[in-house]
Amino acid sequence: MCFLGAHARTHARTHTHTHTHTHTHTHTRRHRSDAQWFAEPRVLPPALHMIRNLAQRREPGMRRGATPTRTERIHAASKMRLFYTAIIWATLVRCTAGIPWTQQKHHHRAVTLTQDEIRAGLSHTDLETMWQRDLRPLLVTRYPGSAGSQAVQEHIKTTLRSLGAGWEVTEDTFVSETPYGQLPFANIVATLNSTAHRRLVLACHYDSKYYPPQWHGREFQGATDSAVPCAMMLELARALDEELKAHKSTSSDLTLQLLFFDGEEALFQWTSTDSLYGSRHLAEKMEITPHPAGATDTNQLHAIDLFVLLDLIGGAGPRFYNQFPSTAHWLSRLQSIETRLHSMNQLVDHPDNVHYFWPNQPVGHIQDDHIPFLSRGVPVLHLIPSPFPSVWHTFDDNEQNLDRSTIQNLNKIMQLFVLEYLNAKPAVPSNPQNAP
Ligand SMILES: [Zn+2]
């Protein structure tokens with residue numbers, strides 16, 4: 001389950017394209033506090049100011065004086081060029097080498113792949129493969145401590161360990177008090193290159209909400225909540241296996257990490273203690289785990305460039321709005337990817353440029369697995385649709401009510417997002433027109 005605060009719940013139910021002024025005002029206030037948490041130092045603008053000031057200082061001086069000779073003009077122009085070059089060089093050096101690794105996330109720029117690279121990068125994703133191989137095994141009752149949970153954990157670990165990229169797969173297991181007594185929990189953490197300082201994180205929860213059997217007698221599949229997001233992450237790892245393996249072999253200090261949380265759902269009723277069991281435990285653990293190994297003042301939370309949480313995905317026509325101004329530019333990036341893939345005819349049942357991503361429309365905060373990370377200062381991109389799927393927390397949240405086109409489109413969009421974020425350029429076949 002993903003609980004909406006009272007305001008956000010009303011908002012989600014009544015959401016329309018046109019926000020009233022009151023709405024916007026309310027959200028703006030929330031957003032200011034977010035912006036304060038993530039106040040980012042800027043490097044480029046001061047340098048650009050210097051360049052502009054220099055130009056402004058030189059030009060009037062040259063105009064005011066007597067007409068300069070041709071030699072003087074050439075001399076002045078070459079000095080200007082030299083100065084610009086020095087400024088740009090200094091800026092670039094400061095933007096990369098001079099910035100501590102913990103701050104580089106604030107200056108990170110994703111690469112934009114060419115159309116040939118995009119076609120090559122997305123040539124391995126396949127919805128039917130994902131459905132049979134990744135999704136079906138997840139569509140079982142899998143509340144914490146259940147036999148289904150054990151089977152799903154094995155499925156996730158085996159799938160990732162079988163890939164060529166060489167994922168390091170670990171478990172974070174613990175026992176927690178719940179309204180039903182003590183239960184075992186297990187988060188799964190897969191890291192592509194654990195020696196890289198920085199990590200782009202994708203996260204989902206694999207547990208399903210617990211419904212006592214005597215109440216219904218039907219199996220709750222939790223297809224959108226959150227079997228599909230987890231299957232999308234497994235499919236991403238499989239489809240991009242070659243590219244991720246190649247990326248791992250470069251000297252990049254940035255890598256990919258996948259988090260599969262247990263115990264997101266409340267077992268009885270959503271409270272601060274009966275919910276988010278797995279993410280609360282892992283965020284706490286990462287905070288006290290040095291990173292890189294042996295570090296004294298940095299931990300695994302510093303390693304997270306961006307925490308992308310996928311939840312309640314799989315229904316038709318999801319819309320993802322902006323919850324956090326500090327990461328809205330990454331939502332814009334997803335929107336531009338959607339537009340680019342649309343123009344390349346890569347998306348199915350997608351009549352307009354943009355359907356899914358709405359970075360300019362604010363929406364209320366939603367409680368979910370990102371909260372324990374957000375409260376510790378980790379930048380979050382929360383991909384959860386507003387409104388929630390109509391089948392949310394009903395026994396109709398099942399395989400039959402999933403929308404295949406949407407899932408296929410979002411698979412492609414997320415895979416391209418990851419490739420571009422990591423600056424992982426796929427190898428283009430010698431005759432790219434023949435690429436699938
Ligand atoms: Zn749920």
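Each reported figure results from applying straightforward, stated rules to the coordinates on display, with no laboratory input. This is a predicted model, so every value here is computed, not measured. Cβ sites come from the backbone with ideal geometry, for glycine too, and all protein chains shown count toward neighbours.
Close amide H contacts of residue 398 (hydrogens built in the peptide plane, cut-off under 5 Å, sequence separation of 5 or more or a different chain): 223. The Cα atoms of the range 138-249 define a convex hull whose projected area, averaged across directions, is 7.9 nm². Each residue of the range 332-341 was assigned a 3J(HN,Hα) from its phi angle through the Karplus expression (A = 6.51, B = -1.76, C = 1.60, θ = phi - 60°), giving 4, 4, 4, 5, 5, 5, 4, 5, 5, 5 Hz with x at Gly and Pro.
Think of each Lys and Arg Cβ as +1 and each Asp and Glu Cβ as -1; about the Cα centre, that makes the dipole of the range 190-349 roughly 260 debye. Relative to the current alpha-carbon distance between residue 272 and residue 396, full extension at 0.36 nm per residue lengthens the span by 41.9 nm. Exposure proxy shown here: for 333, 161, the number of other Cβ atoms within 10 Å sets the order, fewest to most, as 161, 333. Residue order for 142, 119, fewest other beta carbons within 10 angstrom first, comes to 119, 142. Computed over the range 258-301, the convex hull of the alpha-carbon atoms projects to a mean area of 3.6 nm².
Across the range 419-427, rounded Karplus estimates of 3J(HN,Hα) from the backbone phi angles (6.51 cos²θ - 1.76 cosθ + 1.60, θ = phi - 60°) give 4, 6, 4, 6, 6, 9, 8, x, 6 Hz, Gly and Pro being marked x. Charge dipole of the range 339-436 (Cα centre as origin; +1 on each Lys and Arg Cβ, -1 on each Asp and Glu Cβ, all else neutral): 480 debye, rounded to the nearest 20. If you bin every alpha carbon distance in the range 89-181 into 5 Å steps from zero, what whole percent lands in each bin? Histogram of Cα-Cα distances, whole percents per bin: 2, 9, 11, 12, 12, 12, 13, 12, 9, 5, 3, 1, 0.
For residue 381, the residues whose modelled amide H falls within less than 5 Å of its own, excluding neighbours fewer than 5 places apart on the same chain, are 307, 308, 309.
Coordinate range of the alpha-carbon atoms in the range 279-436 per principal axis, descending: 51, 48, 30 Å. Label positions at residue 299 and residue 112, each projected 7 Å from the Cα along the C-beta direction, are separated by 3.9 nm. Amide H contacts under 5 Å for residue 103: none, restricted to partners 5 or more places along the chain or on a different chain, H placed in the peptide plane at 1.01 Å from N.
Taken over the range 222-298, the ratio of Cα radius of gyration to 2.2 N^0.38 Å equals 1.44. Normalised size of the range 148-187, defined as Cα radius of gyration per 2.2 N^0.38 Å with N residues, equals 1.46. In order along the range 142-150, the phi-based Karplus estimate (6.51 cos²θ - 1.76 cosθ + 1.60, θ = phi - 60°) of 3J(HN,Hα) comes to 9, 5, x, x, 7, 5, x, 4, 4 Hz; Gly and Pro are listed as x.
Positive-end ranking of 342, 325, 228 along the dipole of the range 223-345, with charges on Cβ about the Cα centre, is headed by 342. Shape class for the range 334-407, computed from the alpha carbon gyration tensor (a ≥ b ≥ c): oblate, with a/c not under 1.5 and a/b at or below b/c.
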